1. So what are the ³J(HN,Hα) numbers for segment 159-173, from phi and the Karplus equation (6.51, -1.76, 1.60; θ = phi - 60°), rounded to whole Hz, Gly and Pro as x?
2. Determine the principal axes of the Cα atoms in segment 1-46, then give the extent along each, sorted from largest to smallest and rounded to whole angstroms.
3. Averaging over all projection directions, find the projected area of the Cα convex hull of segment 209-288 and quote it in nm² with one decimal place.
4. Would you calculate the convex hull of the Cα atoms in the chain and tell me its volume per residue in Å³?
5. In whole Å, largest first, what are the principal axis extents of the Cα atoms in segment 57-152?
6. Taking the solvent-accessible surface of protein heavy atoms with a 1.4 Å probe, what is the per residue accessible area of the chain in Å²?
7. How compact and how long is segment 131-258, expressed as Rg and Dmax of its alpha-carbon atoms in Å?
8. Suppose we look only past 19 Å in the calculated P(r) of segment 61-115. What percent of the Cα-Cα pairs does that tail hold?
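The values are calculated or read from the model by the stated rules, or taken from the named source; none is laboratory data. What you see is a predicted model, and the numbers here were worked out from it, not measured in a lab. In this analysis, Cβ positions are derived from the backbone assuming ideal geometry, glycine residues included, and neighbour counts consider all displayed protein chains. Remember, those area values only see protein heavy atoms, side chains included, never the ligands or the DNA or RNA. Shrake-Rupley method; radii C 1.70, N 1.55, O 1.52, S 1.80 Å.
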Amino acid sequence: MNLVNAAIQGVLLGGLYALLAAGLSLIFGVMRLVNLAHGAFAVTAAYGSLLLVQHAGWHPLVTLAVVVPAFAAAGFGLQRGILTRAAARGPLVPLLVTFGLAVTVESLLLTAFTADSRTLPVGQLSVASVRLTDTVSVGVLPLLTFAVGVVAVLGLQWFLFRTPAGRLMRATSDDGEAARIVGADDGRVYATATAIALGLVALAGVFLGIRGTFVPSSGAGVLLFAFETVVIGGLGSLWGTLAGGVLLGVAQLVGAAIDPAVGVLAGHLVFLVLLAARPQGLFPKAVIA
């Protein structure tokens, strides 16, 4: 039963990983760009929520109403002001720019908040649970996080395949020159994609802060888990991102149930095995573009 409980908790943790990786998957699927500042942005969102909790007295979930739009606006400006120019100079330059952003953001957070670990308090929600059987129970907060992750992936999938703006985004990703010929503003399309991605990053960052502790240097670990999730599922695949997150979460928690010292290592091993056996990911054909 311990392994069953660990597997259930791993599935729920996978919802958080899918939420963390959705923005990374979107940016890669639309612009073929790996955002190395992804984890740093998620941690910044957690600190932004913390400021509103401390100074305005808001509940962390209420802060999403400010943090998510703020990061979406920042993403739009970031793409328009920096990433577009960087991409015009070759595929390597955006990697260097986002790496520089990650280092800069981490340094600023360390200066502003010190290296002390923080968390976003949610009161009784953090300990509330739903009993499934006499020996297995599910926390309300992990269940909520999983539900938000699934809704985010479903919503993004619906937007990309069922709306004119989403279809334009996919068309621009598939052939930017052809899209420009028919009047598409590819710069605005890419900026909108980055805005959505950073909004999802902010959403994930707040839930990351609610579910555990964070420090300014947490971004590297977040980026690693998000990257593993995306690669396991298949680069640019939203359904793959969800499946990859669940697989990674289950591997980590089942591994921890067997031996607490190998929990995270078990996830890395699953990632390496799948990368060697199936480098294209679980769903290589279910791409955004």
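1. Along segment 159-173, the couplings run 4, 6, 10, 10, 10, x, 5, x, 5, 5, 5, 5, 5, 5, 5 Hz.
2. Result, largest extent first: 44, 24, 12 Å.
3. Working: hull surface 23.3 nm².
It is 5.8 nm².
4. On the way: hull volume 38.6 nm³, N = 289.
Residue-normalised Cα hull volume stands at 133 Å³.
5. Principal extents (largest minus smallest coordinate, Cα): 60, 31, 25 Å.
6. Numbers: 13070 Å² over 289 residues.
On a per-residue basis, 45 Å².
7. 17.8, 63
8. Values: 700 of 1485 pairs.
In whole percent, the share of Cα-Cα pairs in segment 61-115 beyond 19 Å is 47.
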